[in-house]
Amino acid sequence: LLNSNLMKTLIAILFAHFIRKKNQNWINNPIEYQQRTFDKLITKSKNTEFGNDHKFSQIHSYETFKKNVPIRDYEELKKYIDKAVDGEKNILWPGKPLYFAKTSGTTSGAKYIPITRSSIKTHVRSARDALLNYFLKSKNYKSINGKHMFLQGSPELTKKNGVFIGRLSGISAHYVPKLFLQNRMPSWTTNCIDDWEEKVDKIIQETVGEKMTIIAGIPSWVQMYFEKIVQTEKTNISEVFPELSLYVYGGVSYEPYKIMFDKLFGKKIDTLATFPASEGFFGYQDEFTDQEPDLLLLLNNDIFYEFIKVEDFIDGKERRIRLESVELDVNYVLIISTSAGLWAYNIGDTIKFTSIKPYKIIVTGRVKQFLSAFGEHVISEEVEKALNQTIINTDVIVKEFTVAPQINPNKGLPHHEWYIDFEVPPSNIKDFAIKLDSHMRSLNIYYNDLVSGGILRPLIVKRVRQDNFKNYMRSIGKLGGQNKVPRLSNDRIIVEKLTVY
């Protein structure tokens, strides 16, 4: 066993060095690789139905592409996707998709995101490269030989018209590299359990007592798993899993959860940030410091990127730019064209560039999750940062939160209401709200002007009853998996279903 572990470690080290050297080609030549990707995607799809409809044979420049191919979201691309779901070939990409990743839709029920033979390779490669890069940079090779657990959706797939359908995380479960396959947890049977709370209980039974070294999953749901373990075992996670040394997450900022996780862990643990989605794998953390991580934008994934400034998008102006035209510290809506047949597709995420050499980003929120009931254009990044600044150097611990407008209060001016589930509440909620409001005003000039001008009163904090967010997510059928509580909304649909102290 010792020789087997040593051999596995040596293979991982050598492969990590090889991959890092290979990736330097696109890291050092980003614009050239984006042009290559653009040309490849257009050429490959000339004879598809979408390619014919949008005159791909006449597209020889980015400017022509912008004229021929408008920005679309899922609803606007749905007529093409529906044909592919019905079994038709050569609709968005040559042939049939290999999979449809099923996600929760907003206006049309379930969404079916195509994944092709070409695009699935990029998902698998990116996840592999993220881990190999971590091993290389951190020298934490011992974690390779422990047990690895990914809190994910069911790997059971259905089949329709020759195409497999399932959750992205469930599809990914079929592509675990052989190097890690024997260390994977939980068992296949447990992973197939649909009821989230039953599944977590079963995972705890299987994992407690094992040599866990790597755990991955959405923070809010891993938190639920950890809390149940702490409650059952009457000790912290580092005592239950003494060799656990890496937590991998993606899709949301870790900062709002960090204090809670530090308490649950009971020791410092490495974290690895990634940016996967059903539509593509866009980035991963490639440097490991004490700063909030940014993500290397992946330019070797058959994804052509475009960007629109958030304020332009909200105002209905679709001023699209390529990678070479982006600026630092500007919020952009992320637009993609991919080898899965998504064309000028708005995935709904907003990002900000933190570096241009190489291109690195942070995810700042969802374009539909902003609060602008009064013209303030507040985004997820701002509310998360304001909350973190408020609780730093205090004993306060936040489990979950969301923000909504109060347009018609019983008395006084309209205002923002923060609904927060505290693990450890502040001693004085009103003082806490004053500090939180001050940080919000410093982060968003429009909000500051509205409060200063007497249009809004300072924000109000409401303490949500324990586990109320979990109950809300259960009530709408979105407990667990890849589902996340929205940080912001322009209505009160969510907060009206929460109970407060």
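Worth a mention:
- Mean ellipticity per residue at 222 nm, deg cm²/dmol - from DSSP H runs of n ≥ 4 across the chain, formula -39500 (n - 2.57): -11500 deg cm²/dmol
- Rg/Rh for region 402-460 stands at 0.97; both radii use Cα atoms, and Rh follows the Kirkwood definition.
- Label of the coordinate-derived value, Rg and Dmax of the Cα atoms in Å, listed as [x] 25.8, 89; [y] 23.0, 72; [z] 28.6, 94: [y]
- Pairs from K67/K89; K22/K121; K263/K470; K142/K268; K317/K368; K83/K160 whose Cα-Cα separation, in the structure shown, is over 18 Å: K67/K89; K263/K470
- Accessible solvent surface per residue of region 166-247, calculated while the other protein chains remain in place, 1.4 angstrom probe, Å²: 43 Å²
- Counting 0.36 nm for each residue step from I445 to R20 and taking away their Cα separation leaves a gain of 148.8 nm.
- Under a 5 Å amide H cut-off, with hydrogens placed 1.01 Å from N, I71 pairs with nothing among residues at least 5 apart or on other chains.
- Karplus-derived 3J(HN,Hα), 6.51/-1.76/1.60, for each residue of region 291-301, Hz, glycine and proline x: 7, 4, x, 9, 10, 5, 6, 7, 10, 10, 10
- Amide H within-cut-off set for F422, under 5 Å, with H built and near neighbours excluded: K399, V464
- Under 14 Å from K159, Cα to Cα: aspartates and glutamates that are on another chain or at least 8 residues apart: D86
- In the chain, the portion of solvent-accessible area held by carbon and sulfur atoms comes to 50 percent [1.4 Å probe, whole percent, DNA, RNA and ligands not counted].
- Fraction of beta bridges assigned by DSSP in the chain that are antiparallel (%, nearest 5): 65 percent
- Normalised per residue, the accessible area of region 355-415 is 43 Å², obtained with a 1.4 Å probe and no contribution from ligands, DNA or RNA.
- Under 5 Å between amide hydrogens, built in the peptide plane, is the criterion, and for F164 it picks out F100 among residues at least 5 positions away or on other chains.
- Counting all C-alpha pairs of region 154-304, share separated by more than 23 Å (%): 43 percent
- Cross-link reach is defined here as a Cα-Cα straight distance under 12 Å, omitting same-chain residues fewer than 8 places apart; for K360 the aspartates and glutamates meeting it are D286, E287, D294, E327, D329.
- For region 10-147: accessible area per residue (Å², 1.4 Å): 49 Å²
- Extension gain, N3 back to S61 (0.36 nm per residue minus Cα-Cα distance, nm): 15.4 nm
- The HN-Hα couplings worked out from phi for region 209-214 by the Karplus form 6.51 cos²θ - 1.76 cosθ + 1.60 (θ = phi - 60°) are x, 8, 7, 6, 10, 9 Hz, whole numbers, x standing for Gly and Pro.
- Counted charge near L443, where neighbours are those whose Cβ lies closer than 12 Å (Asp, Glu -1; Lys, Arg +1): -3
- Net charge of the neighbourhood of Y33, taken over other residues with C-beta under 13 Å away and scored Lys/Arg +1, Asp/Glu -1, is 0.
- Sequence-ordered 3J(HN,Hα) estimates for region 69-83 from the Karplus curve with 6.51, -1.76 and 1.60 and θ = phi - 60° stand at 10, x, 5, 9, 9, 4, 4, 7, 9, 4, 4, 6, 4, 4, 5 Hz, glycine and proline given as x.
The values are calculated or read from the model by the stated rules, or taken from the named source; none is laboratory data. Please read all numbers here as calculations on a predicted model, not as lab measurements. With ideal geometry, Cβ positions are generated from the backbone for all residues, glycine too; neighbour counts draw on all protein chains shown. Note: areas computed on protein heavy atoms with side chains; ligands, DNA, RNA excluded. Shrake-Rupley method; radii C 1.70, N 1.55, O 1.52, S 1.80 Å.
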